[in-house]
Amino acid sequence: MLGTTGARRYYLYGRVTDMRKSFNGLSGLVINKMKGDLLSGDAFIFINRRHNMMKILVWDRTGFVIYYKRLEKGTFEMLSAKGSRLEIDWADLVMILEGVRLKSMRRRARYAV
């Protein structure tokens, strides 16, 4: 997927989203509901009621970009968020896009703290 890296933060909107919303509508959700900073470079993720469509809104230094994915079969996993947003890792976003169930996944330790 273009423009997604582990260097930015990813926030999942904790409620279902009307996929008819475009730049202005999604920006309004980020400001009013998620209390996010649109120009920070963070990515804001929205999923519809049937969990088969996802939009990701990102500011990329010169303007907004919306990445839009519609599944022909299956659904995206909707994580439960306490409040209106949930910060997720880039790796989790990639796994959600690829159809991996995060609840059944077990992470192994990679370094000592």
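Would you be able to say whether some residue in region 1-15 is surrounded by fewer than 12 Cβ atoms within 10 Å (Cβ to Cβ) and either modelled with pLDDT of 95 or more or of a type in the set (D, E, K, R) (or both)?
no
Quick one: is LYS55 charged (D, E, K, R), under 14 Å from LEU12 (Cα atoms) and outside any loop (DSSP other than H, G, I, E, B)?
Criteria met by LYS55.
So, of the residues in region 84-105 that are assigned to a loop (DSSP other than H, G, I, E, B) and over 11 Å from the mean Cα position of the chain (by Cα), which turns out to be nearest to ASN24 (Cα to Cα)?
For region 84-105, the residue satisfying everything is SER84.
Quick check: anything in region 75-83 in a strand (DSSP E or B) and either closer than 19 Å to SER27 by Cβ or of a type outside the set (S, T, N, Q) (or both)?
No, region 75-83 contains no residue that is in a strand (DSSP E or B) and either closer than 19 Å to SER27 by Cβ or of a type outside the set (S, T, N, Q) (or both).
Look at region 5-29 and say how many of its residues are among the charged types (D, E, K, R) and closer than 14 Å to SER84 by Cα.
Of the residues in that region, 1 qualify.
Any residue that is in contact with a Leu (Cβ under 9 Å, 6 or more places away or on another chain), small (Gly, Ala, Ser) and surrounded by fewer than 18 Cβ atoms within 10 Å (Cβ to Cβ) - is there at least one of those in region 30-43?
Taking every residue of region 30-43 in turn, none turns out to be in contact with a Leu (Cβ under 9 Å, 6 or more places away or on another chain), small (Gly, Ala, Ser) and surrounded by fewer than 18 Cβ atoms within 10 Å (Cβ to Cβ).
The values are calculated or read from the model by the stated rules, or taken from the named source; none is laboratory data. The shown structure was predicted, so the numbers you read here are calculated from the model rather than taken from an experiment. Neighbour counts are summed over all protein chains in view; Cβ atoms, including those assigned to glycine, are modelled from backbone coordinates with ideal geometry.
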